[in-house]
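See below for the structure under consideration.
The values are calculated or read from the model by the stated rules, or taken from the named source; none is laboratory data. Note that the structure is a prediction, hence the values are computed from the model and not measured. Here the Cβ positions follow ideal geometry from the backbone for every residue, glycine too, while neighbour counts run over all protein chains shown.
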Amino acid sequence: MRYSQLIIVLAGIVTLALISLVSVTAAQPIKIAQVVGVTGPYEAYAKQSINGFKMGLEYATKGTMKILGRPIEVVVKDTHLKPDMGKQLLTEAYKDDEVDLAVGGVSSAVALAMLPVAKEFRKILVVEPAVADSITGKAWNHYIFRTGRNSSQDAISNAVALAKEGAFISTLAQDYAFGRDGVAAYREAAEAKGAKIVHEEYVPIKTADFTAPAQRIIKAMKDVEGDKYLFVIWAGKGNPLGKLNAMKLGEKYGINLTSGGNILDALKLYKPLVGMEGATYYYYDNPKNEINDWLVKEHQKRFNSPPDFFTCGGMSAAIAVVTALEKAGSTDTEALISAMEGMHFQSPKGEMVFRKEDHQALQSMFHFKIRVDPKVPWAICDLVREITWKEMDIPIRNK
């Protein structure tokens, strides 16, 4: 064989090998771990997030369930809401399952335990729906992005809705990161608008009797003159708003309840709270955009109910992941980080943007007022107005 012919043959072999390698790579799935607390008091949150993530992948890939020509494989892991288990399962996902990135967790305590694992393996963790400020604050690292709102966004939007000069406010929250971060952010935002925080009350996560905390709040507020509010931050069971409302704080002491929104099942307990105002992360009838229209229609068709808080959150995370992978053109972590920093993307809530400094997704919130319709099983969060992300000065807390 002549030398020139040999070169041609070798070149052909190399070309075929490269084509084969590309084909194998293209066929390999993009693996994503969803590490959430399916078992435990936040079960409803986790299931909504899982359903929303699936629907978001479907929407963002136009039904192909492929990104960059590669199929998507989602590995769901149940943390049982235990921080140590969350840490262990995320390690397993990165190390043994070899996922390209992960999404989770539900509880702030679990999410905080998982953050160092992402740093150790140099893999992205998209936090959804855990809320504590410290996740994109003092505990944050380069590999953490969050599509879920943080405590400051909850708090500042609620302050924008009601706090003003001459208002006196007490707070009630659960005694862990979610509650304490939320109150700290709310206090800062409310005082900036001229309101005064009179008293802060923290109670155990599973508190069911609010008599003693209410008495302390009443005592702290009895002598103040002006508009009085009790701002409640709560996750899970316990129904503090219903029980506090039954104590007739408004009628007897002039203390008006205010709080953020909640999942539809919890909004059933808001029915006695007609006229209560606050700001919410999501209520299916508030956002007006094409993605939310699709989500509401499809969710009603598939599950015979409207989408909920964390269905929206799961879908937002999925759209962010697909957008990032398509923009990066790769599953390489650093390429993804470069693509995601400052990235604008759409969601059921409208436009979101990952802030470069802390990777927190800036997003709209919705000022609502409670209305009741006997034909609707939950309290309706009527939209007062959309509070856009451009209106909220969300602090950067990772310095």
Give just the number: which of (1) closer than 30 Å to residue 274 by Cβ; (2) of a type outside the set (D, E, K, R); (3) exposed (fewer than 14 other Cβ atoms within 10 Å of the Cβ); (4) touching a Phe, Trp or Tyr at 6+ places or on another chain (Cβ under 8 Å) does residue 374 not satisfy? (4)
Where residues in the range 378-399 are among the acidic types (Asp, Glu) and not in a strand (DSSP E or B), which of them is surrounded by the fewest Cβ atoms within 10 Å (Cβ to Cβ)? 393
Any idea how many residues of the range 54-100 are within 13 Å of residue 321 (Cα to Cα) and of a type in the set (Ser, Thr, Tyr)? 2
Taking residue 50 as the residue in question, decide whether it is within 14 Å of the chain's Cα centre (by Cα), at pLDDT 95 or above, closer than 16 Å to residue 105 by Cβ and not charged (D, E, K, R). yes
Could you pull out every one of the strands (runs of 3 or more DSSP E) wholly within the range 28-123 that has 3 or more residues that are in contact with a Lys or Arg (Cβ under 9 Å, 6 or more places away or on another chain) and surrounded by 17 or more Cβ atoms within 10 Å (Cβ to Cβ)? 30-36, 101-104
Within the range 303-342, work out how many residues are without any contact (Cβ under 8 Å) to a residue 40 or more places away in the chain and either buried (at least 20 other Cβ atoms within 10 Å of the Cβ) or within 20 Å of residue 263 (Cβ to Cβ) (or both). 2
